[in-house]
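Accompanying notes for the structure given below.
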Amino acid sequence: MVRRPASGVPRTYRRGMARSPFTPSFWRSPLRGPWLTSVLGVVLLGGITVLFVTGLLSYAAYNPGLSPVNDKTPDKGVLGFYLFSWPTDPHWLYRLTQGIHVTLGITLIPVLLAKLWSVVPKLFTLPPARSLAHALERISLLLLVGGALFEFVTGVLNVQLDYVFPGSFYPLHFYGAWVFFAAFVAHAVLKTPLALRNLRRIRELPSRADELVSPDPAEPTVSRRGALWFVGGGSLLLFLTTAGRSFDGVLRRTALLAPHGGGEPASGPGGFQINKTAAYAGIDPAETGAEAWRLVVTGRDGRTVRLSRAELLQLPLHSAALPIACVEGWSTSDQWWRGVRLRDLAALVGYEDDPPDLFVESLQRHGAFRRAALRANQVADPRSLLALSVNGADLTPDHGHPARIIVPAAPGVLNTKWVARLTFGDL
């Protein structure tokens, strides 16, 4: 005979229930409830929307519809419906949008983890589907949780320059973003009205009927407000140790969790951040010397000129103050570049009036974007240069000596270094 406690439930059965994540009594935190989940959800609603929009803008900035060498997602189909010619004004546009994308993404990590923790009992609810509508909701929840984890993990790995997933980051992150955001929108449409109602009930005790509320809560050790302060503090810490990547000098040394954090890589005119070094790119110094290096420029009807660096320096030179901004989220302040305008080089090979698109080839042997394409509006901008010097000194090998591209508002990878050939014409 089994002795029953006053509740009428056998002790052995209750202990078995408490050990199983598929029973509500397993999840005993008194913090879980509709109000906490709703607060975190509203924060993510705004934050993830900004992440998605800035991510799409980053993709457009690469000009993937211009040339196959720029397009890392050739099978995007209708997902590229919004693509447009990336502008050159304001010149800090990509620096702003990508800085927001990466910094906000890292800052939201504690909020995302807290949100997942707050709803984890739902992932173990039995039966798995009570109806067709419930089954669809569960599937969307799995896509939402899985998509969120995938996007944030792959994004962080790419930012840290330690990407380990098989395949290219670009298509995985791009397609994953669309799957995740579709589930996110469906979830937001279903849950936002309820979340807003829950936010107005801050002074009400959570109903035991809510599936997020434990039927057997443990003693509280922190209030719901305290939990939010803890999550907010974690986000603030990540922000303070990440945002400095977008600035020079002392602030960059605060970017402890960011690539290229700490001090500048060197002093002097070339003492600002780089993505890849000449050694990493496989640049042979013998190829970039004054005797060996020649810039090959090809244009209308196959017209071709070959220019040494000394000959380029004899052409009209112009200056432009432009930053370098990278997909990993880091950027520099404006650097003072000097060189030959791209539109003047186009004029040398037959495009005196309206310069066309441009195909750029580098001496680089290792890494992505050894070749890149620029749109006609980028070529025509008077600030777009084949730069020969920066901040009053010749380019260093790591900054692209003997010549590099610099274009306002373009991602860093399109500002090709160690340029060997320019081909003007329709791509």
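Here are some notes:
- Screening the candidates 301, 344, 398 for the property of being out of contact with any Gly (no Cβ under 6 Å at 6 or more places or on another chain), outside any loop (DSSP other than H, G, I, E, B), within 29 Å of residue 242 (Cα to Cα) and of a type outside the set (Gly, Ala, Ser) yields one hit, 398.
- Some residue of the range 350-360 being closer than 26 Å to residue 58 by Cα, aliphatic (A, V, I, L, M) and open to solvent by 20 Å² or more (accessible area, probe 1.4 Å): no
- Candidate set from the range 174-194 (those that are farther than 23 Å from residue 36 by Cβ and without any contact (Cβ under 8 Å) to a residue 40 or more places away in the chain); member that is least open to solvent (accessible area, probe 1.4 Å): 176
- Residues satisfying the stated conditions in the range 361-386, i.e. open to solvent by 50 Å² or more (accessible area, probe 1.4 Å) and either of a type in the set (S, T, N, Q) or part of a strand (DSSP E or B) (or both): 361, 371, 377
- Among residues of the range 36-56 being open to solvent by 50 Å² or more (accessible area, probe 1.4 Å) and among the hydrophobic types (A, V, I, L, M, F, W, C), the one that is nearest to residue 426 (Cα to Cα) is 53.
- Of the residues making up the range 93-133, those that are more than 23 Å from residue 160 (Cα to Cα) and aromatic (Phe, Trp, Tyr) are 117, 124.
- Residue check for residue 407: at pLDDT 95 or above and of a type in the set (Val, Ile, Thr): yes
- Test set (1) crowded, with 19+ Cβ neighbours inside 10 Å; (2) in contact (Cβ under 8 Å) with a residue 24 or more places away in the chain - residue 64 fails condition number: (2)
- Of the residues in the range 338-345, at least one is modelled with pLDDT of 95 or more, over 16 Å from residue 424 (Cβ atoms) and in contact with a strand residue (DSSP E or B) (Cβ under 7 Å, 6 or more places away or on another chain).
- Subset of the range 86-128 (residues that are outside any helix (DSSP H, G or I), in contact with an Asp or Glu (Cβ under 9 Å, 6 or more places away or on another chain) and open to solvent by less than 60 Å² (accessible area, probe 1.4 Å)): 88, 91, 125
- Yes/no for residue 253 being modelled with pLDDT under 90, out of contact with any Ser or Thr (no Cβ under 7 Å at 6 or more places or on another chain), more than 26 Å from residue 389 (Cβ to Cβ) and part of a helix (DSSP H, G or I): yes
- Of all residue pairs spaced 6 or more apart or on separate chains, those with beta-carbon atoms under 6 Å, a first member in the range 68-93 that is β-branched (Val, Ile, Thr) and a second member that is open to solvent by 70 Å² or more (accessible area, probe 1.4 Å) are 69/371.
- For the range 279-322, a residue qualifies if it is within 19 Å of residue 387 (Cβ to Cβ), without any contact (Cβ under 8 Å) to a residue 12 or more places away in the chain and over 37 Å from the mean Cα position of the chain (by Cα), and the qualifying residues are 311, 314.
- Filter result for residue 268 (open to solvent by 40 Å² or more (accessible area, probe 1.4 Å), part of a loop (DSSP other than H, G, I, E, B) and more than 19 Å from residue 382 (Cα to Cα)): yes
- Subset of the range 324-341 that is touching a Pro at 6+ places or on another chain (Cβ under 9 Å) and part of a loop (DSSP other than H, G, I, E, B) - its residue that is most open to solvent (accessible area, probe 1.4 Å): 334
The values are calculated or read from the model by the stated rules, or taken from the named source; none is laboratory data. The model shown is predicted, which means the values in this text are computed figures rather than measured ones. With ideal geometry, Cβ positions are generated from the backbone for all residues, glycine too; neighbour counts draw on all protein chains shown. Protein only, heavy atoms only, side chains kept; ligands, DNA and RNA dropped before computing areas. Shrake-Rupley method; radii C 1.70, N 1.55, O 1.52, S 1.80 Å.
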